[in-house]
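Here is the structure we will look at.
The values are calculated or read from the model by the stated rules, or taken from the named source; none is laboratory data. All figures in this text were calculated on a predicted structure; none of them were measured in a lab. Counting neighbours? That spans all protein chains shown, and the Cβs are built from the backbone with ideal geometry, glycine included.
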Amino acid sequence: MFRGLNWLMCALFLLSVVVQWNDPDPLQWMAVYGAALAVCLMVAIRGRVAIVAPLLVMVVALVWGVITMGDVPTAGTYTHMFDAWEMKSISVEEAREASGLLIVAAWMLVIVVAQRRGAGKKS
């Protein structure tokens, strides 16, 4: 089941890489989502990954996400993230970026915890 969830996250992170193509600064976003995709792909295929990989991606995404959250003016901005697909304001875009980074960090933490508990073992 855990490997199946990683296949799902592969699809979501691949979509995240693809939609960054139109971003004003696509390379850094494609890199972070691509790194998360690579970790999930290894877990989905092999059942495990060297623990340093998800830890590194998690730390980078978490630090970057927390820094980005500092640029979001109010917590209420997060309620407008899905009002429109195109960018309507910089603050909403920053809320979306911070949320994406926190999703990456959270899933990398799930992988770390699962592997430490043995859920990522080949069956």
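Based on this model, can you work out whether Gln28 counts as under 15 Å from the mean Cα position of the chain (by Cα), in a helix (DSSP H, G or I) and modelled with pLDDT under 90?
Details: under 15 Å from the mean Cα position of the chain (by Cα): yes; in a helix (DSSP H, G or I): yes; modelled with pLDDT under 90: no.
For Gln28, the condition - under 15 Å from the mean Cα position of the chain (by Cα), in a helix (DSSP H, G or I) and modelled with pLDDT under 90 - is not met.
Summed over the range 6-25, residues that are without any contact (Cβ under 8 Å) to a residue 24 or more places away in the chain and either assigned to a helix (DSSP H, G or I) or within 12 Å of Trp107 (Cβ to Cβ) (or both) total 11.
Within the range 111-123, the residues that satisfy the criterion of being at pLDDT 80 or above and either closer than 19 Å to Phe13 by Cα or among the hydrophobic types (A, V, I, L, M, F, W, C) (or both) are Ile111, Val112, Val113, Ala114. Restricted to the range 51-110, and to residues there that are of a type in the set (A, V, I, L, M), loosely packed, with under 13 Cβ neighbours inside 10 Å and part of a helix (DSSP H, G or I), the residue that is modelled with the lowest pLDDT is Ala75.
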